[in-house]
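> Mind having a look at this structure? Questions to follow.
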Amino acid sequence: MAERKERRKVDKVRMAAMKAELNAAQLDTLRDLEGFGWELKFIRHKPFQPPIPVVYDNERMRYAVLNEDGSLDENPGFEIRP
């Protein structure tokens, strides 16, 4: 039981760190998407480019990208592997 609590704490810290990389528009969109079951999965870091937040819709089992302007891009032009 203690291990599960510890893992949840680590997950919360990891999620907070990822959300800290998002701008205000991305955070607003993420909050809206979370209400529909989407979640922030990871942030792609490419050299000399802004971070690319990747979100996941568990119901439809699909990935998308949150653009810098807060828009959702379901066809980002690169493969997102689970």
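> I need the full set of residues from segment 15-63 which are touching a residue at least 12 places away in the same chain (Cβ under 8 Å) and among the aromatic types (Phe, Trp, Tyr), in order please.
Phe36, Trp38, Phe42, Tyr56, Tyr63
> Now for a separate question. Please enumerate the residues belonging to segment 58-72 that are over 10 Å from the mean Cα position of the chain (by Cα) and modelled with pLDDT of 95 or more.
Once the filter is applied, which keeps residues that are over 10 Å from the mean Cα position of the chain (by Cα) and modelled with pLDDT of 95 or more, segment 58-72 yields Asn67, Glu68, Asp69, Gly70, Ser71, Leu72.
> Where residues in segment 39-82 are in contact with a Ser or Thr (Cβ under 7 Å, 6 or more places away or on another chain) and part of a strand (DSSP E or B), which of them is farthest from Ala17 (Cα to Cα)?
Filtering segment 39-82 for residues that are in contact with a Ser or Thr (Cβ under 7 Å, 6 or more places away or on another chain) and part of a strand (DSSP E or B), the one farthest from Ala17 (Cα to Cα) comes out as Leu72.
The values are calculated or read from the model by the stated rules, or taken from the named source; none is laboratory data. Only a predicted model underlies this, so the values are computations on that prediction, with no experimental measurement involved. All Cβ positions, even for glycine, are placed from backbone atoms using ideal geometry, and neighbour counts span all protein chains on display.
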